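Asker: For reference, the structure I am asking about is given below.
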Amino acid sequence: KTVCDLNLSSVLMNSNLVHRADSFFLATKMAAPLTLLLIVAVTIRAVLFRSSWAELISERVEVVSPLNAWKRVVEGLALLDLGVSPYSGDVFHETPFMIYLFHFVVDYAEIVFMVSPDLVFCLSRFLTSLKQKYALESDRYPADCLELLRSPKEMFYIPLKVAMFYLLNPFTILSCVAKSTCGLNNAIIALFILCTLKGSALLSGILLALATYQSIYPLTLFAPALLFFLQRLYIPVNLRRSSFWFFTLQYAFIYVGSLVVITGLSFFLLGSWDFIPSVYGFIFSVPDLTPNIGLFWYFFAEMFEHFRLFFICVFQINVFFYTIPLSIKLKEHPVFLIFMQIAIISIFKSYPTVGDVALYMAFLPAWSHLYRFLRNIFLVSCVLLACSALFPVLWHLWIYAGSANSNFYYAITLLFNFGQILLVSDYFYAYLRREHHLTHGLYLKKKDGTEATLVLK
Amino acid sequence: MGLLSDPNRRKALTGLLTRLNTPICIVCYLAGIVWFMGLAFEPFTLRTYMSENAMGSTMVEERFSSGERALSLAKEFDAHKRKAGGMPVEWLVKAMQSRGLEVFTQSFSRKLPFPDENKERYMVRGTNVYGILRAPRAPRTEALVITAPCSPGNTNNQAVALLLALAQYFRNQIYWAKDIIFLVNEHDLIGTQAWLEGYHHTNITEYISGSLRGRAGSIQAALSLELSSDVITSLDLVLEGLNGQLPNLDLANLFYAFCQKLGVLCTIQGKLQRNDWDTAEGYTHAAQTMMLMVLKQACGRSWGDHGLFLRYHIEAASVRGINSFRHYKTDATTIGRLLEGMVRKLNNLLERLHQSYFFYLLPSLSRFVSIGYYMPAFGLLAVILLLRALDLWVHLGAPALAAVDGVTEAEQPSSPGVLTVLTPVVISHLTGVALYLLPVHLQEMAVEHFPVSETEAVVLTAIAIYTAGLALPHNTQRLLSGEGTEQGWKVLKLTALLYLAVLLGCTALINFSLGFILAVTLVPITASITPALYAVVMVLLSPAFTILYCVFIYQELIEAPVSVSEGWMLFLSVISQGILDHALYGSLVYPLLALFIYPCWLMFWNILFWN
């Protein structure tokens, strides 16, 4: 009965009221499954932490990278305690904030790692409010598109599904059990998205600065966040309008300002600028070629030294370059743009781990309404599943048995990234196609009356 | 990417694949089998060649001449062995010391999880004796190992004696750049395992062993020698190691090259090489040799002392002397020279053997099939599973997504569809866990209540659990959703097919033979399963029956065919050996079968009782 009432209200009443009713509904009906989910997720992690597998998992190159390995954090802490700069030597690559955080909570590290992913799912609860507008605007679209719009009932489960996809995703669990600090970075990005969706420009700017400070790449999320706020404040993206420039500068100021403050604070904490080359230089110039699930290590192990700079530029530009065309194409849909950006970061960043993959995979249930337009989901699922199983097998053959070699492992890395790119581009296509159908009707006809098919070229 | 983005062409392709699915699958299966059998045909194989420069171009002159002395030494050793009632440790230490080696001993003990009836041992206690010849010409950072097992009874005395004679001869040479370790191990594989764990400071299989007091550098290669008579007619090379691992092909090439040079008859799998490849007999012979290799590799046990070295990244092979009363005879001096030549070539190595192949099959010693040639045979079988999965996916349409996600995220109670699939998956895997854990842990209880020995108890418990798994309540979906729907079993089949494909793919990469044999028996039944299929067919192609067939085929191939009852006894001993190999040396075949293959098969079994 509640569902019915809400259905009615969502059409009749204004957005604010719906939102309130929605939150109320969430609070009452979702609490039980969410609690259950939390308990299950925490239990799995706690059991794995205590089992003998924890050590094995924390050594896997797929799960930890030189940037976020717990072993290196411990080493950095030891150096700090001895009064040596943690960045002396070439082991520690975390930011100064991170080391001071762990300096105080090192005894409770496991708890921190267990709690941090839980933060992420907070974001999920608020994704719904955004989607609400489709239901409200339904009268604007042609009649046959109504089936493309999601009923409020479907949407109530999205927060739960997002939380489930993140908390029970084996990738997240592995990353958490390995105590990879990737989980904390994910939590910061999730909080940033949450604040953005809540419409708090100040908090969003600060958290984006913090995420950027942690791993640089979230820099590209500046564009979607800005687009979101502009849309929210009904400011058209028009370069000749002063209101556009005013808000852009305002947001940029918050962002850059907090970035400067954070960096300055780090300097005062540490008393030196050591961390700049050791963290950001390390991310950009990729000196550590330990194999991982990314694309960098094999290329730069094979590369002649004098081409290195050129190719590093080529590889790194991948992460940042797609922001421009995607922002233009998706300027009406900043939330989807955020998803695309996070996915691109996790594919093209220099030291990716499965924790990064898990972050953007958590968004997939939010786009469940695109499912009917996906074309390669079977192929992609098979590829990703097979690759996840083959990573440890080929690693074993290469490193322990000594019978295979790095080419085998890299082949799987390539396949894994191929699968990810296919997944992301498939969702992109599906999103565009849904938008097309929303404006042009679901059952398209050609001029001569035959059924038309949409082709992406 | 045209195929992936153009909807018309995609539709045409999926239409073709679903319409012609069954014929394509049958063709793929037959093509896979034919491809595999074709591998033994000589024109399709490659001639072996030495890839390693350091071993290829250098000339070695063999001068070892004290074969006769070795034989008299063997008699002396035999006498002391009888007197000591086991390994004559003191005599060996003295003998090695008098030949100028640094001698050390290592004692070890291991309680087997249950008595090994083949070798009649339960509480194993023993001593390894090893002597190190320090390299005079180079920093002592690398080493070679020659090992001879000291077996009970009359066997292998000659090997130990030849080892001592070689040590004496090697001691007087100045060209050694690597330390040479002469190891005499007791209780064959158990001794080797204890020594290797001691040498590398690891403890993976719960041995209680003394630490090693003397070490040489990192071991580059190892040769294991087994001789049981004064005169032998041919030498057999054994390559198959733990979990189907093989040494670098260059080691086999090296052995073959020296056999050619010294005119020694050499065999592989006990089969001589034939030159008439274009006749039917010639082909059958090559096919039999290759099949033997496949069967031995698939069972994942170490077929000689060398097999355990492979895990430590040490290239190793066993050389076994065989006396089959042919006219052609080889004396101990020639065998000594052969070993001398091989060790000298290995001594020339500048880096570990890595140039040649690690994944190969040998239809004869001079011919090999590399991974690029044999993988398509497996690929053709595995692609059937994917084609069937695609077919099901197309038929199922939208609801199947939940099932695919159900594989990665085993706990998604979001829709009843997932739950119907999840329950059989969980039940099957719990049965698998029971099959893995219970036989060894329940043996005491079984021995109390039934008149059987421990070994029988373990094997029979395993078989009982296996059979009980078939009788479990497999129609849980009826309790959950009232009626077994057609959608339901299709989703389950899709899940199981993808699971099996990934499983077999991973297995075939690590141990091609095992993956291939499992694929040959499991693929046809799993691809064609519907609730209407006969249960008998399903049982006859289950993993346990696959093992039984392999036992009979193996006996047939080694020309010692057995009756049904003998075959059954062999089957029981194979199971107990498999469990023992897992506990003693860490062989992975038993856990693989119990924890993954069997549950996966049970998932298909479940479909049979869907309605």
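What follows is calculated from the coordinates using simple rules that are stated; it is not laboratory data. Since the model is a prediction, treat every value here as computed from it, not as a measurement. Every residue, glycine as well, gets a Cβ built from its backbone with ideal geometry; the counts of neighbours run over all protein chains shown.
Asker: Determine ³J(HN,Hα), in whole Hz, for all residues of the range B:212-229 in sequence, where each value follows from phi through the Karplus function 6.51 cos²θ - 1.76 cosθ + 1.60 and θ = phi - 60°; x replaces Gly and Pro.
Answerer: With coefficients 6.51, -1.76 and 1.60, one gets 7, 8, x, 10, 10, x, 6, 7, 8, 7, 9, 10, 10, 10, 10, 10, 10, 9 Hz.
Asker: Counting only other chains, and only Cβ atoms inside 10 Å, what mean value do you get across the residues of A:392-404?
Answerer: 5
Asker: Could you put A:Ile262, B:Ile607 in order, starting from the residue whose Cβ has the fewest other Cβ atoms within 10 Å? Please report the intermediate quantities before stating the final value.
Answerer: Working: A:Ile262 19, B:Ile607 23.
Sorted ascending by nearby Cβ count, the order is A:Ile262, B:Ile607.
Asker: What order do you get for B:556-563, B:290-297, B:189-196 when each peptide is scored by the mean count of other beta carbon atoms within 10 Å, highest first?
Answerer: Working: B:556-563: 12.5, B:290-297: 21.9, B:189-196: 25.9.
Ranking the peptides B:556-563, B:290-297, B:189-196 by packing returns B:189-196, B:290-297, B:556-563.
Asker: Between B:Ser324 and B:Thr485, 0.36 nm times their residue separation minus their Cα-Cα distance comes to what?
Answerer: 51.6 nm
Asker: Run the lone-cysteine check on chain B: no other Cys C-beta under 4.7 Å from the residue's C-beta.
Answerer: Unpaired cysteines in chain B: B:Cys25, B:Cys28, B:Cys150, B:Cys299, B:Cys506, B:Cys550, B:Cys600.
Asker: If you don't mind, there's one more thing I want to ask. Using only the Cα atoms of the range B:214-364, build the gyration tensor, take square roots of its eigenvalues as a ≥ b ≥ c, and label the shape rounded, prolate or oblate: rounded if a/c is under 1.5, else prolate if a/b is larger than b/c, else oblate. Provide the component values of the computation, followed by the final result.
Answerer: Numbers: a/c = 1.70, a/b = 1.20, b/c = 1.41.
Oblate, since a/c reaches 1.5 and b/c is not below a/b.
Asker: How big is the charge dipole of chain B about its Cα centre, in debye rounded to the nearest 20, if each Lys and Arg gets +1 on its Cβ and each Asp and Glu gets -1 on its Cβ?
Answerer: Roughly 1140 debye, rounded to the nearest 20.
Asker: Same structure, new question: Tell me which residues come under 5 Å, amide H to amide H, from B:Ser218 once H is placed; ignore anything under 5 positions away on its chain.
Answerer: B:Glu142, B:Ala143
Asker: Of the beta bridges DSSP finds with both residues in the protein assembly as shown, what % are antiparallel, to the nearest 5? The partial results should precede the final answer.
Answerer: Numbers: 31 of 54 bridges.
Here the antiparallel bridges make up roughly 55 percent for the protein assembly as shown.
Asker: Using only the Cα atoms of the range A:328-367, build the gyration tensor, take square roots of its eigenvalues as a ≥ b ≥ c, and label the shape rounded, prolate or oblate: rounded if a/c is under 1.5, else prolate if a/b is larger than b/c, else oblate.
Answerer: Values: a/c = 4.36, a/b = 1.53, b/c = 2.85.
In terms of gyration-tensor shape, oblate.
Asker: Turning to a different aspect of this structure: Using a Förster radius of 35 Å, what is the FRET efficiency between A:Leu309 and B:Arg9 based on their Cβ-Cβ separation? Nearest 0.05, please. Let's see the in-between values first.
Answerer: Numbers: r = 42 Å, r/R0 = 1.20.
E between A:Leu309 and B:Arg9, to the nearest 0.05, is 0.25.
Asker: Once you keep just the Cα pairs under 8 angstrom separated by 6 or more residues, what percentage relative contact order results for the range B:247-369?
Answerer: 46 percent
Asker: Exposure proxy check: A:Thr181, B:Thr155 ranked by fewest other beta carbons within 10 Å?
Answerer: So the ranking, lowest neighbour count to highest, is B:Thr155, A:Thr181.
Asker: Place +1 on the Cβ of every Lys and Arg and -1 on the Cβ of every Asp and Glu in chain B, take the dipole about the Cα centre, and give the residue among B:Ser302, B:Val89, B:Ser218 whose Cα lies farthest towards its positive end.
Answerer: B:Ser218
Asker: Relative contact order for chain B: what is it in percent, counting Cα pairs under 8 Å that are at least 6 residues apart?
Answerer: 18 percent
Asker: Could you work out the mean count of beta carbons from other protein chains within 10 Å of each residue's beta carbon in B:500-508?
Answerer: Mean partner-chain Cβ count within 10 Å for B:500-508: 3.
Asker: In whole Å, how far is the Cα centre of the range A:32-99 from that of the range A:337-393?
Answerer: 23 Å
Asker: May I ask you to sort B:His429, B:His395 by Cβ crowding, counting other Cβ atoms within 10 Å and putting the fewest first?
Answerer: Sorted ascending by nearby Cβ count, the order is B:His395, B:His429.
Asker: Compare the Cα positions of B:Phe77, B:Pro23, B:Ser65 along the charge dipole of the range B:4-98 (+1 at Cβ of Lys, Arg; -1 at Cβ of Asp, Glu; about the Cα centre) and return the one farthest towards the positive end.
Answerer: B:Pro23
Asker: Using the Kirkwood radius over C-alpha pairs as Rh, can you work out the diffusion coefficient of chain B via Stokes-Einstein at 25 °C, viscosity 0.890 mPa s, in µm² per second?
Answerer: 93 µm²/s
Asker: Then there is this: Would you work out if the range B:553-611 is rounded, prolate or oblate? Take a ≥ b ≥ c from the square roots of the eigenvalues of the alpha-carbon gyration tensor; rounded if a/c is under 1.5, else prolate when a/b is larger than b/c, oblate otherwise. Write down the numbers at each step before the final one.
Answerer: Values: a/c = 2.91, a/b = 1.39, b/c = 2.09.
Oblate shape, in that a/c is at least 1.5 and b/c is the bigger or equal ratio.
Asker: What does the highest-first list of A:354-364, B:138-148 look like by mean Cβ count within 10 Å?
Answerer: A:354-364, B:138-148
Asker: Placing unit charges on C-beta atoms (Lys and Arg positive, Asp and Glu negative, everything else neutral), compute the dipole magnitude of the range B:5-142 about its Cα centre in debye, rounded to 20. List each step's numbers first, then the result.
Answerer: Details: 21 positive and 14 negative charges, 91 e Å.
Here the range B:5-142 has a charge dipole of around 440 debye.
Asker: What list of ³J(HN,Hα) couplings, whole Hz, do you get for the range A:364-371 from phi and the Karplus terms 6.51, -1.76, 1.60, once you set θ to phi - 60° and write x for glycine and proline?
Answerer: Each residue's phi maps through the Karplus curve to give 4, x, 5, 9, 5, 6, 8, 4 Hz.
Asker: Give me the distance between the Cα centres of the range B:548-594 and the range B:157-208, rounded to whole Å.
Answerer: 29 Å
Asker: For the range A:276-283, just list the computed ³J(HN,Hα) in residue order, Karplus coefficients 6.51, -1.76 and 1.60, θ = phi - 60°, integers in Hz, with x standing in for Gly and Pro.
Answerer: Taking θ as phi minus 60°, the curve returns 4, x, 6, 9, 7, x, 5, 5 Hz for the range A:276-283.
Asker: Counting Lys and Arg as +1 and Asp and Glu as -1, each charge on the Cβ, what is the dipole of the range B:249-388 about the Cα centre in debye, to the nearest 20? Could the numbers behind the result be given before it?
Answerer: Values: 15 positive and 9 negative charges, 43 e Å.
The dipole magnitude comes to about 200 debye.
Asker: Right, next: Relative contact order for the range B:485-572: what is it in percent, counting Cα pairs under 8 Å that are at least 6 residues apart? Before the final figure, lay out each step's value.
Answerer: Working: 37 pairs, mean separation 15.4, N = 88.
18 percent.
Asker: Amide H neighbours of B:Asp236 under 5 Å, at least 5 residues apart or on other chains, H built in the peptide plane: list them.
Answerer: B:Thr267, B:Arg320, B:Gly321, B:Ile322
Asker: Round to a whole angstrom and tell me the spacing of the C-alpha centers of the range B:222-258 and the range B:40-54.
Answerer: Rounded to whole Å, the Cα centres lie 17 Å apart.
Asker: Let me ask something else about it. Among B:Met291, B:Thr334, B:Tyr256, pick out the residue whose Cα is farthest towards the positive end of the charge dipole of the range B:253-338, where Lys and Arg carry +1 and Asp and Glu carry -1 on C-beta, about the Cα centre.
Answerer: So the residue we want is B:Thr334.
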